[in-house]
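In what follows, a single structure is set out as structure tokens and then discussed.
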Amino acid sequence: MNEVGNGTIKCPYCPHHCELSENSTGYCRARTNLNGQSVSINYGKVTSIALDPIEKKPLAHFYPGSKILSVGSFGCNLRCSFCQNYEISQCQENGHYDDPAMGGSSEKNMRRQQRIPIYDVSPERLIEISEEEKENGNIGVAFTYNEPLVSWEFVRDVSQKLHENGQKTVLVSNGCFTEDVIQEILPFIDAMNIDLKAFSEVFYKKCGGDLETVKHFIKRAAECCHVEVTTLLIPGENDSQTEIDELSSWLSEIRPDIPLHLTRFFPMYRMMDRGPTDIDTMRKLGTIALNHLKHVHLGNI
Ligand code: SF4
């Protein structure tokens, strides 16, 4: 661990490289400095659990028609203004989160009242639940909803045990993590859906992310497991023909059979100033992506 003096360390796991003093919390709200190590405070803390169709992850080419036990915690290392799951991604250890939808003159007070329940679920209990759900078509566990890799230790420990138990593991991630995390989790993941939010650093900087880190993550993941990629098409932000042409061309250089999901934006969280993505625009962009890739899926339409 990278010490910067006075007991403060630099967290190595994502491009923020937060400087964590003893017991302080990083940008992701999910890691702290405990005895000179960056450790997750949301290990085994569950905010959401559901048996979802695998297509909802979205994964279109991995055990189609099956179900997967989907589990989420709290915290994220990005701050996307259009987040679809902000109640948990931007939630703190005590369950509190900012809810701009509350609005009004007493907005600040109302915000403080927003709180979600958080449950303790050990890796062993999660594997038991997953096993119990086999009779309902379950094939394993998907780590999803918030950003799972802010607690990569939980993902690794559960996934390793699931493999020993003959079950499948799926990760839905923003892919904005360093090689340290990649090496810990890759041996235990069967399939991933990775967000490629845009193909410009300007866009990624607005979200608090880093395009080159995500590109490296996608390349590494594609070496070891089944990978599908998702781009949410936001009007006026990342929906130009040039950007989608460049994005899909780059993806095809890794492998042209990596499925790309182009999904429809709806106004959400702090991005309420525009309407949903135009469906004709989505179809045009889908055709452009198909010039490079074998599988392009339009989602949320
Ligand atoms: S994983 Fe969290 S604590 Fe570590 S650098 Fe990223 S945002 Fe900061």
In nm, to one decimal, how far is the modelled label at Asn291 from the one at Ser66, with both set 7 Å along Cα→Cβ?
3.6 nm
Please work out how much accessible surface Met271 shows to a 1.4 Å probe, ignoring ligands, DNA and RNA, in Å² rounded to 10.
20 Å²
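Quick one: if the Förster radius is 35 Å, what FRET efficiency do Lys215 and Asn35 give, using the C-beta to C-beta distance and rounding to 0.05? Before the final figure, lay out the partial values.
Values: r = 34 Å, r/R0 = 0.98.
Calculated transfer efficiency: 0.55.
Given a Förster radius of 41 Å and the C-beta distance between Glu184 and Arg115 as r, what FRET efficiency does 1/(1 + (r/R0)^6) yield to the nearest 0.05? Please list the in-between numbers first.
On the way: r = 32 Å, r/R0 = 0.77.
My answer for the efficiency is 0.85.
Rounded to the nearest 20 Debye, what is the dipole magnitude of the chain about its Cα centre when Lys and Arg each give +1 and Asp and Glu each give -1 at the C-beta?
On the way: 30 positive and 41 negative charges, 111 e Å.
Here the size comes out at about 540 debye.
Find the relative contact order for region 157-301 and round it to a whole percent, using C-alpha pairs within less than 8 Å whose residues are 6+ positions apart. Write down the numbers at each step before the final one.
Working: 233 pairs, mean separation 29.6, N = 145.
Rounded, it is 20 percent for region 157-301.
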Calculate for the chain the 222 nm mean residue ellipticity that helices alone would give, adding -39,500 (n - 2.57) per DSSP H run of length 4 or more and normalising by residue count, nearest 500 deg cm²/dmol.
-8500 deg cm²/dmol
Considering only protein heavy atoms, what is the solvent-accessible area of Thr32 at a probe of 1.4 Å, reported in Å² to the nearest 10?
20 Å²
Positive-end residue of Asn77, Phe265, Val181, charge dipole of the chain with Cβ unit charges
Phe265
Percent of all Cα-Cα pairs per 10 Å bin for the chain, counting from 0 up to the last occupied bin, reads 6, 27, 35, 24, 7, 0
Got the relative contact order for the chain handy, in percent, Cα pairs under 8 Å and 6 or more residues apart?
15 percent
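Based on DSSP, what percent of beta bridges with both residues in the chain are antiparallel, to the nearest 5? Can you show the working numbers first?
On the way: 20 of 47 bridges.
Of those bridges, close to 45 percent are antiparallel.
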Please give the solvent-accessible surface of Val202 in Å², to the nearest 10, using a probe radius of 1.4 Å with every protein chain present.
100 Å²
What are the ³J(HN,Hα) couplings of region 203-213, residue after residue, when phi is run through the Karplus curve with 6.51, -1.76, 1.60 and θ = phi - 60°? Round to Hz, x for glycine and proline.
4, 4, 5, 4, 8, x, x, 8, 4, 4, 5
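Explain nothing, just the number: relative contact order of region 187-240, from Cα pairs under 8 Å at least 6 residues apart, as a whole percent.
On the way: 48 pairs, mean separation 27.8, N = 54.
In percent, rounded to a whole number, it is 52.
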If you average 1/r over every pair of different alpha-carbon atoms in region 116-195 and take one over that average, what Kirkwood value in Å do you get?
13.0 Å
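Between Ser21 and Ser249, how high is the FRET efficiency from 1/(1 + (r/R0)^6) when r is the Cβ-Cβ distance and R₀ = 41 Å? Nearest 0.05. Present the calculation step by step, with values, prior to reporting the outcome.
On the way: r = 44 Å, r/R0 = 1.08.
Here the calculated transfer efficiency is 0.40.
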Quick check for you: with a 1.4 Å probe and neighbouring chains kept, what is the accessible area per residue of the chain, in Å²?
44 Å²
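The values are calculated or read from the model by the stated rules, or taken from the named source; none is laboratory data. Computed from a predicted model, the values in this text were never measured in an experiment. Methodologically, a virtual Cβ is constructed for each residue, glycine included, from the backbone with ideal geometry; neighbour enumeration extends over all protein chains shown. Ligands, DNA and RNA are excluded from the accessible area calculation, which covers all protein heavy atoms including side chains. Shrake-Rupley method; radii C 1.70, N 1.55, O 1.52, S 1.80 Å.
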